[in-house]
Amino acid sequence: MTKPSIHFPKDFLWGCATSAYQIEGSPLADGAGPSVWHRFSHTPGRVQDGDTGDVTCDHYRRWESDVDLMQSLGLNSYRFSIAWGRVLPEGTGRVNAAGLDFYERLVDRLLSRGIQPMVTLFHWDLPAALDDRGGWLNRDIAHWFAEYANVVFRRLDDRVKYWTTLNEPWVVADGGYMHGVLAPGHRNIFEAPRAAHHLMMAHGAAVQAYRAVGRNQIGLVVNIEPKYPASQSDADLAATRRAEAYMNRQYLEPALLGSYPEELHEVFGDACPKWPEADLKLIKQPIDYVGVNYYTRAVVRSDPTAWPLKSTTVKQKQHTHMETGWEVFPQGLVDTLLWIRDKYGNPPVYITENGACFFDPPQVEGPVLEDPLRVDYLRKHITAVHTAIQRGADIRGYFAWSLFDNFEWAFGFSKRFGLVHMNYETLKRTLKTSAHFYSKVIATNGAAL
Ligand SMILES: OC[C@@H]1[C@@H](O)[C@H](O)[C@@H](O)c2[nH]c(CCc3ccccc3)c[n+]21
């Protein structure tokens, strides 16, 4: 039987995603202020092998040829983030013209090559000067973030059609304040829900500010990892509900519904704050789309000794090279997209990140580097997106994570997610077979799957 031909919607966005601290390098160039990730990566023991974002892909200096590479792949869109500290070195107040100019030139070159920018305002690299004032633990950060957002909206909204306020507030709150494995490295269950709440207030304040000056689309990007119970026991079912509330609903529901899931009381216990209704009204500003970052699923088992969720995830069969062994599970993406369709009124969705790191085979030099496992991963997950579209989910774009191998936060350069290989000594970019595969998928709007 011939394979049914796959086609995506006519104006579907096909892109790659990156973030400022992970690819730019030159973190203090041209008047930029340091971020919490500059400090964190320069703190011994925080990042594997002592890696930092000082150079990484050197995109801050190679951006012109990098945009040309994106064009050669046939991308019609590119998701990147703006480093807050390049624009406002102290986080508020003084604007650093050179920083804003860099992003304006990048946007102009993307548009000249037929590539739509999707711009993230915050992808974890908070200005260190604001962390010194309490950072995400200070309620004033909602105003600080809206001030920064306004500076960028006023300069670029005539050319940027797709804005994102925050990338993955869950990772910032869980990694940066609950477990302390990401910047700013706090391990405190009383801080985590407050950081989470202030992140969402900042999101709301920026969306509210956008409605006064912006004419395009703005949304929130969340990481969703669907949770499946390891058994049908009451304990495993309850643990799965807690895990789903803590990661997948804690941010989506205040943004879309104006309320927090009840299960958070079980997670945070007496650390669970009570928030004024006005806060939730601010957070629930109407947004134009939901950005979903999907990588894997979690099979959840109750574990009363595990902090703070009293649950653990059960390792599955085929998984990627991520330390936690992220399972390759494309059905989880279908389930996630249909869950959003059904539970939140079928909002417009972009898959703002999807990808995998594998132990790619030993890299021999040459025009193309073989990465068959990544090709298989992308094929299965892009097919999953198509399945969800056929079943009525309103999916409008897909961004592969990532364009380049890059700085993978606390894992440093040890994890490679790129469709394009990065040689960190020579900074040579080399396409992998996954880049060629993705180019064909884009050129045929999905038919080449
Ligand atoms: O780890 C790969 C990428 C990062 O490089 C991006 O900066 C970040 O946006 C991003 N988020 C996720 C998923 C977050 C997650 C972490 C832990 C467990 C489940 C999901 C994966 N990634």
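The values are calculated or read from the model by the stated rules, or taken from the named source; none is laboratory data. Computed from a predicted model, the values in this text were never measured in an experiment. Please note: Cβ atoms are built from the backbone with ideal geometry, for glycine as well, and neighbour counts cover all protein chains shown. Side chains included, ligands, DNA and RNA excluded: accessible areas come from the protein's heavy atoms. Shrake-Rupley method; radii C 1.70, N 1.55, O 1.52, S 1.80 Å.
The condition of being touching a helix residue (DSSP H, G or I) at 6+ places or on another chain (Cβ under 9 Å), in contact (Cβ under 8 Å) with a residue 12 or more places away in the chain and within 15 Å of the ligand (Cβ to nearest atom) holds for only one of Leu199, Leu110, that being Leu199. For region 298-313, enumerate the residues that are farther than 26 Å from Phe407 by Cβ and either open to solvent by 40 Å² or more (accessible area, probe 1.4 Å) or not in a loop (DSSP other than H, G, I, E, B) (or both). Selection gives Val299, Val300, Arg301, Ser302, Pro304, Thr305, Trp307, Lys310, Ser311, Thr312.
A residue that is assigned to a loop (DSSP other than H, G, I, E, B), touching a His at 6+ places or on another chain (Cβ under 9 Å) and within 27 Å of Ala173 (Cα to Cα) occurs nowhere in region 72-80.
Which one is nearest to Gly25 (Cα to Cα) among residues in region 422-446 that are open to solvent by 10 Å² or more (accessible area, probe 1.4 Å) and hydrophobic (A, V, I, L, M, F, W, C)? Here the answer is Leu427. For region 56-68, the count of residues that are touching a helix residue (DSSP H, G or I) at 6+ places or on another chain (Cβ under 9 Å), over 30 Å from Ala388 (Cβ atoms), within 16 Å of the ligand (Cβ to nearest atom) and not polar (S, T, N, Q) is nonzero. Being closer than 30 Å to Arg139 by Cα, touching a Cys at 6+ places or on another chain (Cβ under 7 Å) and at pLDDT 95 or above is a property that Leu264 has.
The single residue among Leu419, Leu403, Leu378, Leu449 that is open to solvent by less than 10 Å² (accessible area, probe 1.4 Å), touching a Ser or Thr at 6+ places or on another chain (Cβ under 7 Å) and more than 21 Å from Asp66 (Cα to Cα) turns out to be Leu378. Within this structure, Asp11 passes the test of being open to solvent by 30 Å² or more (accessible area, probe 1.4 Å), touching a residue at least 60 places away in the same chain (Cβ under 8 Å), farther than 27 Å from Asn423 by Cβ and acidic (Asp, Glu). In the set Ile224, Ile218, only one residue is within 16 Å of the ligand (Cβ to nearest atom) and in contact (Cβ under 8 Å) with a residue 60 or more places away in the chain; that residue is Ile224.
Residues of region 23-69 that are aliphatic (A, V, I, L, M), within 18 Å of Phe122 (Cβ to Cβ) and more than 21 Å from the chain's Cα centre (by Cα): Ala32 alone. Is it true that some residue in region 19-32 is away from the ligand (no atom under 14 Å from the Cβ), open to solvent by 70 Å² or more (accessible area, probe 1.4 Å) and part of a loop (DSSP other than H, G, I, E, B)? Looking through region 19-32, at least one residue is away from the ligand (no atom under 14 Å from the Cβ), open to solvent by 70 Å² or more (accessible area, probe 1.4 Å) and part of a loop (DSSP other than H, G, I, E, B).
Being part of a helix (DSSP H, G or I) and either polar (S, T, N, Q) or surrounded by 23 or more Cβ atoms within 10 Å (Cβ to Cβ) (or both) is the filter here; which residues of region 111-127 pass it? Listed by number, the list holds a single entry, Ser112. A residue that is under 30 Å from Ala230 (Cα atoms), open to solvent by 50 Å² or more (accessible area, probe 1.4 Å) and not in a loop (DSSP other than H, G, I, E, B) occurs somewhere in region 252-269. With respect to Gly345, determine if the residue is within 13 Å of the ligand (Cβ to nearest atom) and of a type in the set (Gly, Ala, Ser). Judged against the criteria, Gly345 is not a match.
The residue list Ser81, Ser41, Ser65, Ser72 contains one member that is in contact with a Ser or Thr (Cβ under 9 Å, 6 or more places away or on another chain) and open to solvent by 10 Å² or more (accessible area, probe 1.4 Å), which is Ser72. Do we find a residue being surrounded by fewer than 20 Cβ atoms within 10 Å (Cβ to Cβ) and of a type in the set (Ser, Thr, Tyr) anywhere in region 275-292? No; the residues of region 275-292 include none that is surrounded by fewer than 20 Cβ atoms within 10 Å (Cβ to Cβ) and of a type in the set (Ser, Thr, Tyr). Every test in (1) within 16 Å of the ligand (Cβ to nearest atom); (2) touching a residue at least 60 places away in the same chain (Cβ under 8 Å) is passed by Glu327 save one, and that test is (2). Within region 167-179, residues that are under 15 Å from Trp409 (Cα atoms) reach partners that are surrounded by fewer than 24 Cβ atoms within 10 Å (Cβ to Cβ) and of a type in the set (Val, Ile, Thr) with beta carbons closer than 6 Å, at six or more positions or on different chains, in the pairs Gly175/Val181. Considering Tyr260, Tyr228, the condition of being among the aromatic types (Phe, Trp, Tyr), under 24 Å from Pro348 (Cβ atoms) and out of contact with any Phe, Trp or Tyr (no Cβ under 6 Å at 6 or more places or on another chain) is satisfied by Tyr260 alone.
From the list Ala448, Ala384, Ala388, Ala393, pick out the single residue that is assigned to a loop (DSSP other than H, G, I, E, B), away from the ligand (no atom under 16 Å from the Cβ) and within 24 Å of Asn167 (Cα to Cα). Residue meeting the stated conditions: Ala393.
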